[in-house]
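Computed from the coordinates by the stated procedures, all read-outs in this text should not be read as laboratory data. Computed from a prediction, not measured in an experiment: that's the story for all the values here. Positions of Cβ are backbone-derived with ideal geometry, glycine not excepted, and every protein chain shown enters the neighbour counts.
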Amino acid sequence: MNKAEILIIDDEEQIRKLLEITLRANNYTVTHAATAKEGIIIASNHPPDLIILDLGLPDKDGLAVLHELRQWHTNPIIILSVQNAEEIIVKALDKGANDYLSKPWRTGELLARIRSALRSSTQEDIEPIINSEDLQIDLQSRTVRKNGDLVKLTTTEYSLLALFAKNEGKVLTHQYLLRAIWGPGFIHQSQYLRVFIAQIRKKIENDPNRPEYLLTESGVGYRFVGKQG
Amino acid sequence: MIGIFTKRINKREQYLISLLLVLAVSGICYGIATFLGYRVIAFILLLTVSLIAISFDILPVLLSAILSAFIWNFFFIPPRFTFHVSTTEDVILFIMYFVIALINAALTYKIRQVEKTSRKKEEKANTLKLYDTLLHSLSHELRTPISTIIAATDNLQSSNDNLTKENKDQLVSEISKASFRLNQQVENLLNISRLESGFIQPKKDWCDINELVYSVVKKIEQNKITQKITININPDMPLVKTDKMMLEQIIYNLLNNASLYTKDDSKINITAINYADVLQITIEDDGEGFPEEEIGNVFDKFYRLKNAKAGGTGLGLSIVKGFTEVLKGNVSLKNVSTGGSKFTIEIPCEVSHLKA
């Protein structure tokens with residue numbers, strides 16, 4: 001399989017080297033840049049399939065770089081930063097980052113996020129079906145099955161779950177979800193969201209307290225993962 | 001002692017109290033002036049000024065000294081009700097009264113200055129001691145994992161043929177453990193400096209306590225702890241509004257503490273309930289508990305139990321206390337009669353009528 005090309009923009013040489021080794025070992029092609037300027041030039045000359053972007057670059061604020069890249073670059077961007085403040089993560093996701101990992105990161109996690117981001121960007125149409133071990137979501141027939149049994153969902157619960165299924169693997173922020181499901185007037189009503197998430201978990205998770213599908217990204221939002229990884 | 005008095009009474013109250021005291025004493029003396037004679041009254045008034053000087057600042061003392069001097073002169077020294085003093089003896093007495101009253105005030109001032117410098121010295125000594133403890137525990141807590149990493153990588157790079165595959169795996173696993181430990185310490189230091197800066201503001205949002213507790217427990221369990229954690233929370237517990245990050249950190253540190261300082265296979269029990277608008281979280285273990293005489297100190301920064309095993313900076317519990325206080329709550333620690341210890345956190349927070 002022809003593996004994707006990944007551009008690393010990070011000013012720390014150690015991090016670049018480590019990422020390069022890890023990614024090459026997983027058959028990705030890697031280019032890298034140590035500054036925002038260099039990164040933007042490389043990305044515009046030869047658009048990579050995915051960019052891993054550090055927010056603490058010496059010559060430009062990372063969020064500004066993200067904003068600039070997003071003017072024309074449509075392929076996935078994953079933020080990899082020491083910044084772990086929730087508001088920065090939310091900002092980065094709002095500015096078009098596909099995902100966010102804070103340093104120190106786990107290699108397995110990073111590779112899973114890269115796979116997931118690349119998968120969603122290469123799919124022409126959204127896969128209409130989520131088919132995991134014990135959970136099936138069919139967006140065309142609007143049905144959800146758990147262990148083969150039809151799951152009864154309210155309209156709102158279904159809309160929410162369908163939105164997650166369409167964005168499988170991606171973090172959806174609280175505000176994004178509230179706006180999408182309840183409307184712009186509700187973006188601060190996070191209690192609705194929490195109540196509905198808890199209800200959906202009771203219906204689709206084996207143990208709602210230890211969710212395997214609908215995961216919490218603390219302070220940021222939620223992420224739906226199909227079990228195939 | 002003296003300092004404690006002055007701290008509680010503010011400047012304006014000091015003036016008022018001095019004024020009233022001088023006037024009241026003068027009033028009483030006025031009533032009994034005919035029996036006592038004006039010279040005894042001078043001593044009574046001086047005594048009053050001295051009493052004021054014991055606990056008040058220089059300006060109120062000066063004020064009462066001057067006021068009482070003139071009152072004595074006007075109301076008591078014959079001829080009464082004039083500022084005129086007829087005999088030389090009385091002039092000397094009046095001047096002496098005045099000077100003694102002023103000396104009183106001046107001495108007070110001096111004492112305050114000495115007090116201030118000694119307090120400053122004490123503070124400085126305390127800060128130095130704190131830095132000392134910090135440097136000591138930090139250099140230990142940071143150097144131990146760093147040493148592990150350096151030594152283990154040296155070993156792996158040495159191309160020593162005696163290293164078996166199993167040895168190598170062990171070394172790699174040690175490097176991994178050391179890195180997590182380092183990361184945890186950095187997290188603690190960041191949190192403590194956030195608390196120290198005093199700028200920390202809670203960011204309150206609706207929070208599903210079940211979800212939060214389970215996620216923290218999951219995180220702790222990833223540290224491969226040997227203890228068994230049980231969670232006791234009503235699945236229908238309503239949402240509460242609080243700072244999620246801080247609450248997570250509070251629970252994490254308490255669980256981490258329990259897992260570090262109890263024996264393998266100990267039981268840790270975490271419960272959360274809400275009554276009225278208070279969220280109560282208790283974390284109980286069946287370990288050895290804390291030495292009673294040290295319970296009062298465990299939340300102090302850098303405090304470590306006298307018989308504590310190696311590791312730990314003494315920051316964990318002070319962060320727990322710091323965050324709980326930022327959330328306007330309180331934390332307490334008790335030994336339970338059956339053995340083990342019990343931490344109770346109580347945080348006031350709004351409760352949602354919507355059920356999770």
> Applying the Karplus parametrisation 6.51 cos²θ - 1.76 cosθ + 1.60 with θ = phi - 60° to the phi angles of the stretch A:12-24, what ³J(HN,Hα) value in whole Hz is obtained for each residue in order, glycine and proline being reported as x?
Replying inline: 8, 4, 4, 5, 4, 4, 4, 5, 4, 4, 4, 5, 4
> Say each of residue A:22 and residue B:193 gets a label point 7 Å from the Cα, pointing the same way as Cα to Cβ; how far apart are those two points in nm?
Replying inline: 2.5 nm
> Computed over the Cα atoms of the stretch B:149-263, what is the ratio Rg over Rh, Rh following Kirkwood?
Replying inline: 1.11
> Which aspartates and glutamates, on any chain, are close to residue B:301 with Cα under 16 Å apart, when same-chain ones fewer than 8 places away are left out?
Replying inline: B:123, B:132, B:141, B:187, B:196, B:325
> With r defined as the distance between the Cβ atoms of residue A:150 and residue A:115 and R0 fixed at 25 Å, what FRET efficiency is calculated, to the nearest 0.05?
Replying inline: 0.25
>> I'd like the trypsin sites (Lys or Arg not before Pro) in the stretch B:154-252 restricted to DSSP loop residues with at most 16 other Cβ atoms within 10 Å, sorted by number.
In response: B:203, B:224
> If eta is 1.567 mPa s and T is 4 °C, what Stokes-Einstein diffusion coefficient results for the stretch A:92-210, Kirkwood Rh from Cα pairs, in µm²/s?
Replying inline: 82 µm²/s
> So which trypsin sites (Lys or Arg not before Pro) in the stretch B:58-116 are both in a DSSP loop and have at most 16 other Cβ atoms within 10 Å of their Cβ?
Replying inline: B:80
> Which whole-number percent gives the relative contact order of chain A, counting Cα pairs below 8 Å spaced six or more residues apart?
Replying inline: 13 percent
>> At 24 angstrom or more along the helix axis (alpha-carbon based) and mean Kyte-Doolittle of 0.5 or higher, what helices does chain B contain? Whole DSSP H runs only.
In response: B:11-36, B:38-55
>> Need one number: nm distance between label points at residue B:236 and residue B:91, each 7 Å from Cα along Cα→Cβ, rounded to one decimal.
In response: 9.5 nm
> Using +1 on the beta carbon of Lys and Arg, -1 on that of Asp and Glu, and nothing else charged, what's the dipole of the stretch B:209-356 about the Cα centre, debye to 20?
Replying inline: 340 debye
>> Could you work out the pair-distance distribution P(r) of the stretch A:128-173 from its alpha-carbon pairs, with 10 angstrom bin width and percents rounded to whole numbers?
In response: 28, 59, 14, 0
> Want the number for residue B:221 to residue B:17: 0.36 nm per residue separation, take away the alpha-carbon distance, what's left?
Replying inline: 67.2 nm
>> Across the stretch B:214-256, what fraction of all alpha-carbon pairs, as a whole percent, falls in each successive 5 Å bin from zero upward?
In response: 5, 18, 27, 26, 17, 6, 1
> Nearest 0.05, what FRET efficiency do residue B:159 and residue B:200 give at R0 = 35 Å with Cβ-Cβ as r?
Replying inline: 0.10
> Using the Cα atoms as the points, what is the convex hull volume per residue of chain B in Å³?
Replying inline: 216 Å³
> Which order results if A:73, A:46, A:174 are arranged by neighbouring Cβ count within 10 Å, fewest first?
Replying inline: A:46, A:73, A:174
> Pick from B:162, B:183, B:191: which is most flexible by mean-square fluctuation in a GNM of chain B where alpha carbon atoms under 10 Å apart are linked?
Replying inline: B:162
>> List the pairs from A:91/B:219; B:168/B:267; B:11/B:121; A:202/B:218; A:152/B:219 whose alpha-carbon separation is above 29 Å, in the order I gave them.
In response: B:168/B:267; A:152/B:219
>> Once R0 is set to 30 Å, what does the formula 1/(1 + (r/R0)^6) return for the Cβ-Cβ distance between residue B:32 and residue B:112, expressed as a FRET efficiency to the nearest 0.05?
In response: 0.30
> For the stretch B:125-206, which chymotrypsin sites (Phe, Trp or Tyr not before Pro) are in a loop by DSSP, counting at most 14 other Cβ atoms within 10 Å?
Replying inline: B:199
> Binned at 10 Å from 0, what are the whole-percent values of the Cα-Cα distance distribution for the stretch A:155-213, short to long?
Replying inline: 23, 57, 19, 1
>> What number do you get for the stretch B:222-281 when its Cα radius of gyration is normalised by 2.2 N^0.38 Å, N = residues?
In response: 1.26
> In whole angstrom, how far apart do the alpha carbon centroids of the stretch B:188-226 and the stretch A:141-202 sit?
Replying inline: 26 Å
> Given a cut-off of under 8 Å on Cα pairs at least six residues apart, what relative contact order in percent is computed for chain B?
Replying inline: 13 percent
> Which value results when the Cα radius of gyration for chain A is divided by 2.2 N^0.38 Å?
Replying inline: 1.06
> Which order results if A:182, B:72, A:105, A:72 are arranged by neighbouring Cβ count within 10 Å, fewest first?
Replying inline: A:72, A:105, A:182, B:72
>> List the residues, sorted by chain then number, that are 5 or more residues from residue A:206 or on another chain and whose placed amide H is less than 5 Å from its amide H.
In response: A:212
> Considering the Cα trace of the protein assembly as shown, what is its radius of gyration and what is Dmax, both in angstroms?
Replying inline: 34.9, 119
